[in-house]
């Protein structure tokens, strides 16, 4: 059968036809590539298993159709899709699917690649269970050379995760796919803040801030490995102080100190503590560590993370001493605040009902000045109104969700602001007919400068946040009294300030 590429049709036609029986659209891309069945879909579009009709044996191919789920970011997504085609065209590696063709037809974009028959590693994990040390070593030995090939060509993949690693059926060779997030790194680009792209669970801290480097791919590969070793979300492999505790989740799946040392270095929060290159990481994979250091690596992985975090905190404190982030009082965009407050209420109601925030709300309607996005975190979410124009400010609501313990209640009773700028967090109202065992808190934030970029994800701790230090605004944003004032104005719009006499 031949599937119609027309998004409004998608009719299944008898094989060998050249145009759709239902809508009349051509069934062949470039008069040669035919779609047989849909094999995947995502935020940017659909992927089809296809064949090349121009070849006698009709070899299989993968056809990616650009079809964004949201019109908000269509221009950006279209540019990324086109960039992916450019990147793939320039690559020639036996473990990266071959680029075959790129088409732009009536405002639709398509990429045609070699089809790799097999499972991705997320599917393999679900079917076969946790990976052994032997499988992880094989994964690293195959992946490090691929990453070195990319990095030698100044490319950062930026989305290394199990779903993007396919094991080919037959020879068990791993292939790296999905270069939609790949970015060209130049001497100046590495120092600039860029678009933050990637999958949150596997993304390096610097990449969350929009500053991906080659070592960011190594970090994501390391996190992929500890996820495959534990079959546990990476968000659960850190403790309340943001220290890696992945060994605690291994169970009976033993890992040698030597491999653990390599993984600890890959997932270090500090870029300078990671391997200097994929090539160096590969060399360290088979290099035994001295016995005197084995206990340090066994118990000291969390210490590396802790030292890095302490350093970050000290840098932040020093910066704030010089240039404190005072609460913002400025005229705010009422339309953006009104829409943001609506999405906050939806998220609050859903969390109190289910104990989970909505990571992909079905409707986040853009307005003329802003579009909206959800950034999931460990213990909450970040709702962001992102400006469309460079002379406009961004707004963010950082929401925590959880259950309040007795110790939380004691802390709440004794809480005092740490400084005059600490207004604490806000408890969102609940209009549920029955009490909820869950609770939420929110901090309202506004960008310090005009922007058109999404902010990095702020840290959302596990325990009940009481101060703006415990539920901070994202970097580049500060607590905003302007938002509070705007919400008061919006409330006055819908409710009379006084009750009229009968």
Single unsatisfied condition, residue 441 versus (1) within 24 Å of the chain's Cα centre (by Cα); (2) within 30 Å of residue 75 (Cα to Cα); (3) surrounded by 17 or more Cβ atoms within 10 Å (Cβ to Cβ): (2)
Lone qualifier among 468, 452 - being part of a loop (DSSP other than H, G, I, E, B) and surrounded by fewer than 18 Cβ atoms within 10 Å (Cβ to Cβ): 452
Cross-chain or 6+ apart pairs with Cβ under 8 Å, the stretch 231-249 first and at positive phi, then at pLDDT below 90 and not in a loop (DSSP other than H, G, I, E, B): 242/305; 242/309
Hey, residue 94 modelled with pLDDT of 90 or more, surrounded by fewer than 17 Cβ atoms within 10 Å (Cβ to Cβ) and more than 22 Å from residue 7 (Cα to Cα) or not: yes
Where residue 334 falls short, out of the listed (1) exposed (fewer than 15 other Cβ atoms within 10 Å of the Cβ); (2) over 22 Å from residue 481 (Cβ atoms); (3) touching a helix residue (DSSP H, G or I) at 6+ places or on another chain (Cβ under 6 Å): (2)
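The values are calculated or read from the model by the stated rules, or taken from the named source; none is laboratory data. The structure displayed is predicted, hence computed values, not measured ones. We place every Cβ from the backbone using ideal geometry, glycine too, and count neighbours over all the protein chains shown.
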